[in-house]
Amino acid sequence: MRIDWDSYKEITESLARNKSRTLLTGFGIFWGLFMLLFLVGGSRGLEKILANNFSGFATNSTIIFANRTTKPYRGHGERRRWDLDLKDIDRLSMMIPEMEVVTPLLSAWNQTAEYDEHSQDCYIKGIYPEYASIEEPMLKYGRYLNESDCIQERKVCVIGRRIYNTLFPDGGNPCGTFIRIGPVFYQIVGVDISSGNISINGNMSRTALVPMPVVQKLYRGGSRVDLIAMTGKKGVKMSSLDDRIRQIVAREHKFDPTDKPALGLVNTEQLFGIVDNLFLGLNILVLLIGLGTILAGAIGVSNIMMVTVKERTTEIGIRRAIGATPRQILGQIIMESVTLTLAAGSLGIVFSVLLLEGLEKITSNSEFGAAPFQIGFWTAIAAAAGLAVMGVLAGLAPAIRAMRIKPVDAMRDE
Amino acid sequence: MIIELKDVNKTYFGAQPLHVLKGINLSIEEGEFVSIMGASGSGKSTLLNILGILDNYDTGEYWLAGKLIKDLTEKQAADYRNRMIGFVFQSFNLIGFKTAVENVELPLFYQGVPRRKRHTMAMEFLDRLGLKDWAGHYPNEMSGGQKQRVAIARALITNPRIILADEPTGALDSKTSEEVMALLAELNREEKVTIIVVTHESGVANCTNKIVHIKDGVIGEIEENQLHNASVLGAGSIMK
Ligand SMILES: Nc1ncnc2c1ncn2[C@@H]1O[C@H](COP(=O)(O)OP(=O)(O)OP(=O)(O)O)[C@@H](O)[C@H]1O
Ligand SMILES: [Mg+2]
């Protein structure tokens, strides 16, 4: 079949003949495509927003903390208190060679940071420099804490975004400035503006990172720590180390290794796995809804074309009587169907692209961080190709029916 | 012999079988101007549809321009209809959403003639039939006579050797009927087109050169009518 201006005109002419019907039919397809692409883009953007929350947090890490025991063990009663301490760090890193980093965290809660007349509630987190591989910093000014800060027990800190914004409303580089937290003056060495919402013992934006030994001496005393965070070497699945971690810690602190509640153990890998599954489920749902809507639209097109063909029996009979081959009739009906689906569907693509563009603009300057809602170029192309195929399929049944119309049929029922 | 029918039979298998054509034998020479007359239901339209390959016959032979028309593929049949035969119908059968000139162009569209050429040719034919000013009008904006002339232009545009007309004046008043018949006569005279007209009006039949009577599914009397005096009312008038 030739596809030229003439065929095109034949097609648009028939479609334009019953405009409201064509519009309503096209709307089904339009809506289906719009829904599909908008949902696909939307869920992707949402996923990215959530990923932004996790950003900077090691995805393959384990965090442990002490709880009361729940089982009696070797003469110790249950509900006994115990604490993780600094020796556990060396033990774990020595006995489990798969460990990359084993680093403690010690917090001081309910602090207030003050500078000039400004003040801000905050937490102090005592850390070693290796902690950077658990919660990746995003430094705006200055540097992270380093070895010598810890060895020399310097009273220095890296402050989070919220603290920075409150204490230094005029902006500028605060490094070198002394701020007071509680009774102690700390010199600022860096500003960490990382925005991840997953963080241990308090959000980074309200945190002042201080060398671990300083926190131990000034706030807590002893060698106990709140948490121990660990990451594995490349290719090591942290969840596979859970049992060994439990064994080592339990033996040292004399509790039953099978006493799971005694040792709190959080595996980020599993946490992320849950989120991944959630989005997999969401994506499948989106696909089902979108494809279902499109399918309904295509069936609508097929249905309406069927009615149209019936109504056009005389016209098609006349065309056959003056020399149209059944093939030409088949081609025309299919092309009508393809044109209708493609035109309506493309409009759906354009609309969803525009709306997603808007969403992207809105989120780009929100606190969640930028998220790519927009669907890809090839997704759009694939959608258009799929539309064309669907148009052919939708047109097939009506076209075959039209093809069966005989020239004599035009002469009847006048 | 452009048309030759040998013992052609046709039965409609409806609620009960209806044997409509019961052995039709008929020969028509190239360039003849023939009418087929008969009572309502005698099978005139059925015969004409078979002649135009719009419909099939059951048994017998139909030779068209030396070729046996039997078991043609749809494509061959479409080609014959398109190039060899032009149709004119009682109800005009124009396509309502196309203008006069677009209707006339349509057979050429199916031949694959380019748009410009098609348009020029269609305008020429409309001009010949005095409808140049109506080219851009839709069928429902035209009178019956004008519509039938558009239909005739559409039938003529592919330069067919045969024109088949099924009651072409059936929906027209007597004056317009005369005009249409005069037009067909002129085409037959000037262009030597073979024309077969089905009618049950004796006045219309009287305009043709030969009148074939069909009765109960067989060919009856065949009148030569070169002098156009078959009708009691004489030549040159059609009584409605
Ligand atoms: N498709 C069909 N199926 C069944 N019967 C049909 C069909 N077409 C026509 N007939 C019957 O065949 C007979 C001949 O029909 P035809 O149309 O050839 O008559 P006609 O001579 O043209 O009549 P008229 O002058 O009324 O147009 C009629 O009895 C009609 O009812
Ligand atoms: Mg009839």
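Remarks
- So A:T22, is it within 14 Å of another protein chain (Cβ to nearest Cβ) and modelled with pLDDT of 85 or more: yes
- Failed criterion for B:L68 (all others in (1) within 12 Å of another protein chain (Cβ to nearest Cβ); (2) more than 24 Å from A:S7 (Cβ to Cβ); (3) at pLDDT 90 or above hold): (1)
- Residue within the stretch B:122-134 that is crowded, with 17+ Cβ neighbours inside 10 Å, hydrophobic (A, V, I, L, M, F, W, C) and within 11 Å of another protein chain (Cβ to nearest Cβ) present: no
- Listed by position, the helices (runs of 4 or more DSSP H) contained in the stretch B:1-113 that have at least 2 residues being more than 20 Å from the chain's Cα centre (by Cα) and away from ligand 2 (no atom under 16 Å from the Cβ) are B:74-83, B:100-111.
This table checks each residue for (1) charged (D, E, K, R); (2) touching a Cys at 6+ places or on another chain (Cβ under 6 Å); (3) modelled with pLDDT under 85; (4) not in a helix (DSSP H, G or I).
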{"position": "A:R2", "(1), (2), (3), (4)": "yes, no, yes, yes"}
{"position": "A:S14", "(1), (2), (3), (4)": "no, no, yes, no"}
{"position": "A:M35", "(1), (2), (3), (4)": "no, no, no, no"}
{"position": "A:G42", "(1), (2), (3), (4)": "no, no, no, no"}
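- Applying a threshold of 6 Å to beta carbon distances and a minimum spacing of six or more residues, or different chains, the list of pairs starting in the stretch B:38-57 at a residue that is small (G, A, S) and ending at one that is within 7 Å of ligand 1 (Cβ to nearest atom) reads B:G38/B:K44; B:G43/B:V20.
- Residue that is farthest from A:I322 (Cα to Cα) [pool: residues in the stretch B:152-167 that are within 16 Å of ligand 2 (Cβ to nearest atom) and in contact with a Ser or Thr (Cβ under 8 Å, 6 or more places away or on another chain)]: B:E167
- Residue identified as at pLDDT 95 or above and of a type outside the set (D, E) among B:Y62, B:Y110: B:Y62
- Note on the stretch B:156-197: among residues that are of a type in the set (G, A, S) and either without any contact (Cβ under 8 Å) to a residue 12 or more places away in the chain or buried (at least 24 other Cβ atoms within 10 Å of the Cβ) (or both), the one that is nearest to the other protein chains (Cβ to nearest Cβ) is B:A165.
- Pairing each residue of the stretch A:222-237 that is assigned to a loop (DSSP other than H, G, I, E, B) with any residue that is surrounded by 20 or more Cβ atoms within 10 Å (Cβ to Cβ), provided the two are 6+ apart or on different chains, yields C-beta distances under 7 Å for A:D226/A:L105; A:D226/A:L106; A:D226/A:S107.
- Meets criteria (within 12 Å of the chain's Cα centre (by Cα), within 26 Å of B:K98 (Cβ to Cβ) and among the aliphatic types (A, V, I, L, M)) for B:I163: yes
- Residue match in the stretch A:154-172 (condition: out of contact with any strand residue (DSSP E or B) (no Cβ under 8 Å at 6 or more places or on another chain), at positive phi and either modelled with pLDDT under 90 or buried (at least 20 other Cβ atoms within 10 Å of the Cβ) (or both)): yes
- If you go through the stretch B:159-173 and keep only what is assigned to a strand (DSSP E or B) and within 13 Å of ligand 1 (Cβ to nearest atom), you end up with B:L164, B:A165, B:D166.
- Matching option when the condition is within 12 Å of ligand 1 (Cβ to nearest atom), of a type in the set (G, A, S) and under 30 Å from B:L172 (Cα atoms), among B:G31, B:G52, B:G43: B:G43
- Apart from one condition, B:Q90 fits all of (1) within 16 Å of ligand 1 (Cβ to nearest atom); (2) at pLDDT 90 or above; (3) buried (at least 19 other Cβ atoms within 10 Å of the Cβ); the exception is (2).
- Residues considered: B:M37, B:M1. Of these, the only one that is among the hydrophobic types (A, V, I, L, M, F, W, C), surrounded by 20 or more Cβ atoms within 10 Å (Cβ to Cβ), at pLDDT below 95 and touching a strand residue (DSSP E or B) at 6+ places or on another chain (Cβ under 9 Å) is B:M37.
- Matching residues, the stretch B:170-203, being among the polar types (S, T, N, Q) and within 13 Å of ligand 2 (Cβ to nearest atom): B:T199
- A:I151 vs. criteria assigned by TED's automatic domain parsing to the domain that holds A:T231, surrounded by 14 or more Cβ atoms within 10 Å (Cβ to Cβ) and either at pLDDT 90 or above or under 23 Å from A:D243 (Cα atoms) (or both): no
- Among all positions in the stretch A:221-244, there is at least one residue which is aliphatic (A, V, I, L, M), at pLDDT 85 or above, over 29 Å from the mean Cα position of the chain (by Cα) and closer than 24 Å to A:T59 by Cα.
- Taking each residue of the stretch A:325-352 that is within 11 Å of chain B (Cβ to nearest Cβ) and free of Cβ contacts under 8 Å to residues at least 60 places away in the same chain and looking for partners that are among the hydrophobic types (A, V, I, L, M, F, W, C) and in a helix (DSSP H, G or I) with beta-carbon atoms closer than 7 Å, six or more apart or interchain, yields A:T325/B:A78.
- Of all residues in the stretch B:94-103, none are free of Cβ contacts under 8 Å to residues at least 24 places away in the same chain, among the small types (G, A, S) and away from every other protein chain (no Cβ under 11 Å).
- Among the residues of the stretch A:139-173, just one is touching a Lys or Arg at 6+ places or on another chain (Cβ under 6 Å) and assigned to a helix (DSSP H, G or I), namely A:R162.
- Checked against (1) outside any helix (DSSP H, G or I); (2) in contact with a strand residue (DSSP E or B) (Cβ under 6 Å, 6 or more places away or on another chain); (3) not aromatic (F, W, Y), A:I89 meets all criteria but (1).
- Per this entry, B:Y80 is counted among residues that are under 14 Å from B:I3 (Cβ atoms) and within 9 Å of chain A (Cβ to nearest Cβ).
- Selection status of A:N197, part of a loop (DSSP other than H, G, I, E, B) and at pLDDT 90 or above: no
The values are calculated or read from the model by the stated rules, or taken from the named source; none is laboratory data. Because the structure is a prediction, the values reported are computed rather than measured. Every residue, glycine as well, gets a Cβ built from its backbone with ideal geometry; the counts of neighbours run over all protein chains shown.
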